[in-house]
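None of the figures in this text is laboratory data; all of them are computed from the coordinates on show. Worth saying up front: this structure is predicted, and the values here are computed from it rather than measured. Backbone-built Cβ (ideal geometry, glycine too); neighbour counts: all protein chains shown.
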């Protein structure tokens, strides 16, 4: 994961931990909801990040395969083209 994300994640955790430590008595449900929301958001980000990385890899593979196929086709066509003698 990116360095910016890790830094931001640490900042958010620090802020939330400070908030949760100073939460008044009886606010356990709110604290649990905040922790759950943060955990779900992190999971969503991780899933999206991994999906994008996989899509990039697939696109890169497709481009390489296309370029290799085009290059091979060009070489084959060149081999079949009769050579004309230069005067």
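Within region 13-28, no residue satisfies the criterion of being under 17 Å from residue 40 (Cα atoms) and loosely packed, with under 10 Cβ neighbours inside 10 Å.
How many residues are out of contact with any helix residue (DSSP H, G or I) (no Cβ under 8 Å at 6 or more places or on another chain) and surrounded by 10 or more Cβ atoms within 10 Å (Cβ to Cβ) when one looks only at region 29-46?
Residues of region 29-46 out of contact with any helix residue (DSSP H, G or I) (no Cβ under 8 Å at 6 or more places or on another chain): 29-30, 32-33, 36-37, 39-41, 43-44, 46.
Then drop every residue that is not surrounded by 10 or more Cβ atoms within 10 Å (Cβ to Cβ), which leaves 30, 32-33, 36-37, 39-41, 43-44, 46.
Total meeting the criteria: 11.
The number of residues in region 1-12 being in contact with a helix residue (DSSP H, G or I) (Cβ under 9 Å, 6 or more places away or on another chain) and either free of Cβ contacts under 8 Å to residues at least 12 places away in the same chain or over 20 Å from residue 46 (Cβ atoms) (or both) comes to 1.
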